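The values are calculated or read from the model by the stated rules, or taken from the named source; none is laboratory data. Keep in mind it's a predicted model, so treat the numbers as computed, not measured. Note that we place each Cβ from the backbone using ideal geometry, even for glycine, and neighbour counts take in every protein chain shown.
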Amino acid sequence: MKDILAVTKALADESRLRALMALSGGELCLCQIISVLELAPATVSKHMSLLYAAGLVERRKEGKWHYYRLPGREASPAARQALRWVTEHLEGSKVIAADVRKCCAARAADPEDLTGCYCGTT
């Protein structure tokens, strides 16, 4: 039951749903996610921590950069089903379409150049 509660809590926020959809295009560093969501670094960091705790994202650190991606087959059944459901139901969203364009720009930018870049720990 804890898995399901963590997943439902993590999905109960528009910004976290947007972050998940941004990651459906592949791995992003925290700075890129901040750029897409246009939120304060500490806020995005907290959102990503909740998604990580729910098993909805994986993270790794490379130097000063923190990278996030959707989990693979090792994800819990609850997380896999939740990710499928979210993707299926948000694909046509205008907000997500705008975020996809922001993701393309963020991926093309050097993380050092992104304004508001945050390289702290999560």
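The requirement of being among the small types (Gly, Ala, Ser), in contact (Cβ under 8 Å) with a residue 60 or more places away in the chain and not in a helix (DSSP H, G or I) is fulfilled nowhere in the range 8-20; no residue meets it.
Give the residues of the range 21-58 that are free of Cβ contacts under 8 Å to residues at least 60 places away in the same chain and touching a Pro at 6+ places or on another chain (Cβ under 8 Å), sorted by residue number. Across the range 21-58, the qualifying residues are 55, 56, 57, 58. Can you confirm whether residue 78 is modelled with pLDDT of 90 or more and more than 15 Å from the chain's Cα centre (by Cα)? When the stated conditions are applied, residue 78 passes them.
One residue alone among 69, 59, 18 is over 25 Å from residue 1 (Cβ atoms), surrounded by fewer than 16 Cβ atoms within 10 Å (Cβ to Cβ), at pLDDT 95 or above and of a type outside the set (Gly, Ala, Ser), and that residue is 69.
Out of curiosity, is residue 104 surrounded by 15 or more Cβ atoms within 10 Å (Cβ to Cβ) and either without any contact (Cβ under 8 Å) to a residue 24 or more places away in the chain or in contact with a strand residue (DSSP E or B) (Cβ under 7 Å, 6 or more places away or on another chain) (or both)? In short, no.
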